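Please see the structure below; I have some questions.
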Amino acid sequence: MDGIDGRVPPDACEITTGQANRAWSVDGPTAYVLKHYGDPSRAANEAAALRLLGTHYAPAPQLLAASSSNTPPWTAQAALHAKPVPVDRFLAELAEPLAAIQRIPGTHFGRLTGASQHHTWTDYLHDRLHAYATAAPALRATARRLHQEVKASDNTIQPVLLHHDLQPGHLLRQPAGSRLLIDWELAAFGDHRSDLARLAVRLDLDDPTPVLVLSSQPDPTTERRLHLLWRIHLLADAALSTDHAVPERAAKRLHG
């Protein structure tokens, strides 16, 4: 869009909340949020997700512009007159926008861009487990057990769009009452239950079953698969999180 080049205008107001990125609110004829990323692949992934969501008129911010080869990588997203949904209303108000997003189909499994893409859900899960075991050799035995469970599961899945970072603060309510989701850096195509499992981790639940109220495609295997995916996401936190308290808590739940 004309006039948006990724540079921070002098009168921009910083609104950063994340650890790896910086964001500014920019006023003007077209108000927007400018976001600079520490990881170029996440910038590309969020831009691709927002383009896809816009094509499907899904509940997400409008992408106005994005970097191609600039440093740092950036996106410009339409400013939102919205507030985070309160935690005590989060699950109830997430159901509708999440269902709309999970109706968006994919043609592969994994990130939209900037990472390996897989033909099957099983391949994707094995790849992630290998990455976690490589990052945290002390957890290789746990990863090996999860590999075996994945092999034994029926993973014939049709890929749908996943937000993959669902948590309070990422669901906003606009003045008219409509809800939308922000922060699409980790968006991927996969099993819709993986989004629910990741949400259970983000909500710090001792058991993931409360998030089953959001399942739009219940079947007899849903709860079993949810628990498996929840443990895989716990392993991700145990292996990769840079917050010292998170790996300890995740490992405790994995081995509890």
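Hey, among the residues in segment 7-18 that are without any contact (Cβ under 8 Å) to a residue 24 or more places away in the chain and open to solvent by 60 Å² or more (accessible area, probe 1.4 Å), which one's nearest to Leu63 (Cα to Cα)?
Residue satisfying both the conditions and the ranking: Arg7.
May I ask you to list the residues in segment 208-249 that are assigned to a loop (DSSP other than H, G, I, E, B), loosely packed, with under 15 Cβ neighbours inside 10 Å and small (Gly, Ala, Ser)?
If the condition is that a residue be assigned to a loop (DSSP other than H, G, I, E, B), loosely packed, with under 15 Cβ neighbours inside 10 Å and small (Gly, Ala, Ser), then Ser216, Ser241 are the ones that fit.
Count, please, the residues in segment 19-67 that happen to be part of a loop (DSSP other than H, G, I, E, B) and in contact with a His (Cβ under 8 Å, 6 or more places away or on another chain). Before the answer, list the steps.
Going residue by residue through segment 19-67, those that are part of a loop (DSSP other than H, G, I, E, B) are 19-21, 27-31, 37-39, 56-62, 67.
Right, trim to in contact with a His (Cβ under 8 Å, 6 or more places away or on another chain) and you get 21.
Within segment 19-67, residues that are part of a loop (DSSP other than H, G, I, E, B) and in contact with a His (Cβ under 8 Å, 6 or more places away or on another chain) number 1.
Consider segment 63-105. How many of its residues are surrounded by 15 or more Cβ atoms within 10 Å (Cβ to Cβ) and not hydrophobic (A, V, I, L, M, F, W, C)?
8
Against the definition (open to solvent by less than 60 Å² (accessible area, probe 1.4 Å), on the phi < 0 side of the Ramachandran plot, without any contact (Cβ under 8 Å) to a residue 40 or more places away in the chain and not aromatic (Phe, Trp, Tyr)), how does His118 come out, yes or no? Spell out how you get there, then give the answer.
Working: open to solvent by less than 60 Å² (accessible area, probe 1.4 Å): yes; on the phi < 0 side of the Ramachandran plot: yes; without any contact (Cβ under 8 Å) to a residue 40 or more places away in the chain: yes; not aromatic (Phe, Trp, Tyr): yes.
When the stated conditions are applied, His118 passes them.
Tell me the residue from Val213, Val150, Val160 that is under 18 Å from the mean Cα position of the chain (by Cα) and β-branched (Val, Ile, Thr), please. Walk me through how you get there before you give the answer.
Values: Val213 fails: under 18 Å from the mean Cα position of the chain (by Cα); Val150 fails: under 18 Å from the mean Cα position of the chain (by Cα).
Of the residues listed, the single one that is under 18 Å from the mean Cα position of the chain (by Cα) and β-branched (Val, Ile, Thr) is Val160.
Next question. Among the numbered criteria (1) in a helix (DSSP H, G or I); (2) touching a residue at least 24 places away in the same chain (Cβ under 8 Å), which single criterion is violated by Lys252?
With (1) in a helix (DSSP H, G or I); (2) touching a residue at least 24 places away in the same chain (Cβ under 8 Å) applied to Lys252, the lone miss is (2).
The values are calculated or read from the model by the stated rules, or taken from the named source; none is laboratory data. Source: prediction; values computed, not measured. Glycine gets a Cβ as well: all are built from the backbone with ideal geometry, and neighbour counts include every protein chain shown. What goes into the accessible areas is simple: the full protein's heavy atoms, side chains included, and nothing from ligands, DNA or RNA. Shrake-Rupley method; radii C 1.70, N 1.55, O 1.52, S 1.80 Å.
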